[in-house]
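So the structure is just underneath, and the comments pick up after that.
The values are calculated or read from the model by the stated rules, or taken from the named source; none is laboratory data. All of these numbers come straight from a predicted model, not from anything done at the bench. Cβ: placed from backbone, ideal geometry, glycine included. Neighbour counts: every protein chain shown.
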Amino acid sequence: MNIRVYDEIYGEALLTVEDMASAGGESFDAADRVPGAAGRAFDVKTWHRTWSAARSAGQDREPVRLQVEAADEFQASVPWSELDKALFLYAQADGSPLAKGYPLRLYVPGGSSECLNVKSVVTVRLLYDEAEREPEATYGFKNTISLDELKRKPQ
Ligand SMILES: Nc1nc2c(c(=O)[nH]1)N[C@H]1C(S)=C(S)[C@@H](COP(=O)(O)O)O[C@H]1N2
Ligand SMILES: [Mo]
């Protein structure tokens with residue numbers, strides 16, 4: 001399964017987890033940063049630096065925020081400043097695809113909540129608007145408001 005990347009500066013790409021991992025620098029055991037986690041992981045910020053430099057050398061822009069969305073529409077939105085230790089888990093220890101959280105799982109060690117550890121990430125967005133820098137991390141299922149609920153809202 002491919003991962004859709006939407007970067008407001010560097011553009012869009014459809015990547016396999018292997019593509020992403022190869023831009024992610026040296027892979028490591030997720031347990032190095034997340035007690036209890038297992039499998040191969042790469043560093044989120046290293047991945048973005050390498051991937052963006054390959055697309056547009058010399059621009060060197062750092063996002064203000066990362067948003068990820070999962071296959072089940074669970075999503076998280078995290079300020080870049082909280083991602084110094086963040087990792088993407090992309091394979092089992094033996095290199096095979098993830099049994100849980102396939103194709104990609106975000107972990108945010110030291111983040112404001114364990115709920116930010118989004119499983120089955122299929123979309124990654126990089127935001128640069130200064131207005132997105134400060135708001136605290138959020139997570140949850142995408143708003144799916146039914147027509148009935150809308151009708152019940154006071155006018
Ligand atoms: N795709 C997806 N990722 C998700 C969730 C979810 O419902 N869907 N729940 C989150 C929440 S609220 C928590 S607490 C953790 C639970 O991780 P675990 O299944 O490894 O216990 O996953 C997070 N990642
Ligand atoms: Mo949670």
Tally of residues being touching a Gly at 6+ places or on another chain (Cβ under 7 Å) and loosely packed, with under 13 Cβ neighbours inside 10 Å across the range 56-97: 1
Number of the condition not met by residue 125 [criteria: (1) at pLDDT 95 or above; (2) farther than 21 Å from residue 34 by Cβ; (3) surrounded by fewer than 17 Cβ atoms within 10 Å (Cβ to Cβ)]: (3)
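One line per residue, one yes/no per condition, for (1) touching a Ser or Thr at 6+ places or on another chain (Cβ under 6 Å); (2) under 19 Å from residue 6 (Cα atoms):
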{"position": "67", "(1), (2)": "yes, yes"}
{"position": "115", "(1), (2)": "no, no"}
{"position": "120", "(1), (2)": "no, yes"}
{"position": "135", "(1), (2)": "no, no"}
{"position": "141", "(1), (2)": "no, no"}
Filter result for the condition that a residue is of a type in the set (S, T, N, Q), in a loop (DSSP other than H, G, I, E, B) and either more than 15 Å from residue 103 (Cβ to Cβ) or modelled with pLDDT of 95 or more (or both), over 67, 75, 59: 59
Verdict on residue 52 being of a type in the set (Ser, Thr, Tyr) and surrounded by fewer than 18 Cβ atoms within 10 Å (Cβ to Cβ): no
Some residue of the range 1-21 being charged (D, E, K, R), assigned to a loop (DSSP other than H, G, I, E, B) and either at pLDDT below 95 or touching a helix residue (DSSP H, G or I) at 6+ places or on another chain (Cβ under 8 Å) (or both): no
Verdict on residue 41 being farther than 19 Å from residue 129 by Cβ, assigned to a loop (DSSP other than H, G, I, E, B), in contact (Cβ under 8 Å) with a residue 60 or more places away in the chain and out of contact with any Gly (no Cβ under 8 Å at 6 or more places or on another chain): no
Unmet criterion (only one of (1) free of Cβ contacts under 8 Å to residues at least 60 places away in the same chain; (2) among the β-branched types (Val, Ile, Thr); (3) away from ligand 2 (no atom under 16 Å from the Cβ)) for residue 68: (3)
Subset of the range 82-116 (residues that are touching a residue at least 40 places away in the same chain (Cβ under 8 Å), within 16 Å of ligand 2 (Cβ to nearest atom) and in a loop (DSSP other than H, G, I, E, B)): 109
Residues (touching a residue at least 24 places away in the same chain (Cβ under 8 Å), away from ligand 1 (no atom under 12 Å from the Cβ) and either within 10 Å of residue 67 (Cα to Cα) or aliphatic (A, V, I, L, M) (or both)) located in the range 117-137: 124, 125, 126, 127, 137
Search result, residues across the range 93-116 that are out of contact with any helix residue (DSSP H, G or I) (no Cβ under 6 Å at 6 or more places or on another chain) and more than 11 Å from ligand 1 (Cβ to nearest atom): 93, 94, 95, 96, 97, 98, 99, 109, 110, 112
